[in-house]
Amino acid sequence: MPVEKRLLKIYTALDELIQKYHPEAMGVEQLFFNRNVTTAIPVGQARGVVLLAAAQNNLVLIERTPLQVKQSVTGYGKATKEQVIYMVTKLLHLPEAPHPDDTADALAVAISAAHCMDTIAWRNRL
């Protein structure tokens with residue numbers, strides 16, 4: 001699928017979810033690439049579409065670093081992927097670990113963002 005069609009698909013699906021569930025905020029992981037820089041461009045493009053959807057729907061954006069996400073979910077900023085998956089499964093009382101791993105990562109970002117919501121809401125009132 002051409003890149004522009006993939007980005008449109010991401011945007012459309014995300015916008016439909018926002019319209020259906022009416023969230024107040026969106027958690028997004030900050031980009032961090034230390035090895036495979038070639039994946040940075042497509043991931044950055046997709047992230048831009050996600051940020052656009054948040055802005056167009058007037059959502060509070062909560063950006064978290066990978067270290068912050070791991071710290072929020074496991075209590076340790078350098079936790080392994082397996083530890084994050086285990087804690088996401090336990091925290092959300094899931095019957096089994098989420099698959100694929102990207103799903104667990106997204107849930108971890110959401111959990112981490114939720115931990116910040118009171119602070120974000122307070123800051124936005126100022």
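Key figures
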{"quantity": "Potential extension, Leu17-Val43 segment - 0.36 nm per residue separation minus Cα distance", "calculated": "7.3 nm"}
{"quantity": "Highest-first arrangement of 39-48, 90-99, 69-78, where packing means the average Cβ count within 10 Å", "calculated": "69-78, 39-48, 90-99"}
{"quantity": "Net lengthening on full extension, Leu51/Lys9 (0.36 nm per residue, minus Cα-Cα)", "calculated": "13.7 nm"}
{"quantity": "For segment 80-86, Karplus couplings with θ = phi - 60° (6.51, -1.76, 1.60), whole Hz, Gly/Pro x", "calculated": "7, 4, 5, 5, 5, 4, 4"}
{"quantity": "Within straight-line cross-link reach of Lys9, lysines at Cα separation under 18 Å, skipping those fewer than 8 residues along the same chain", "calculated": "Lys20"}
{"quantity": "Segment Tyr76-Leu61, length gained on full extension (0.36 nm per residue, minus Cα span)", "calculated": "3.0 nm"}
{"quantity": "Under 20 Å from the Cα of Lys90 - lysines, other chains or at least 8 residues apart", "calculated": "Lys70, Lys78, Lys81"}
{"quantity": "Principal axis dimensions, segment 65-125 - Cα atoms, whole angstrom, descending", "calculated": "39, 24, 17"}
{"quantity": "Correct choice for semi-axes √(5λ) of the Cα gyration tensor in Å that was computed from the model, options [x] 43, 30, 22; [y] 31, 16, 14; [z] 23, 20, 15", "calculated": "[z]"}
{"quantity": "Sum of -39500 (n - 2.57) over DSSP H runs of 4+, divided by residues of the chain (222 nm, nearest 500)", "calculated": "-21500 deg cm²/dmol"}
{"quantity": "Built amide H within the under 5 Å cut-off of Met26, gap 5+", "calculated": "Val60, Leu61, Ile62"}
{"quantity": "Value of relative contact order over segment 65-125, rounded to a whole percent, pairs C-alpha under 8 Å and six or more apart", "calculated": "30"}
{"quantity": "5 Å binning of all Cα-Cα separations within segment 1-63, expressed as whole percents from 0 upward", "calculated": "4, 17, 26, 22, 17, 10, 4, 0"}
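Computed from the coordinates by the stated procedures, all read-outs in this text should not be read as laboratory data. Predicted model only: the values in this text are computed from it and were never measured. Cβ coordinates were reconstructed from backbone atoms using ideal geometry, including for glycine residues, and neighbour counts include every protein chain displayed.
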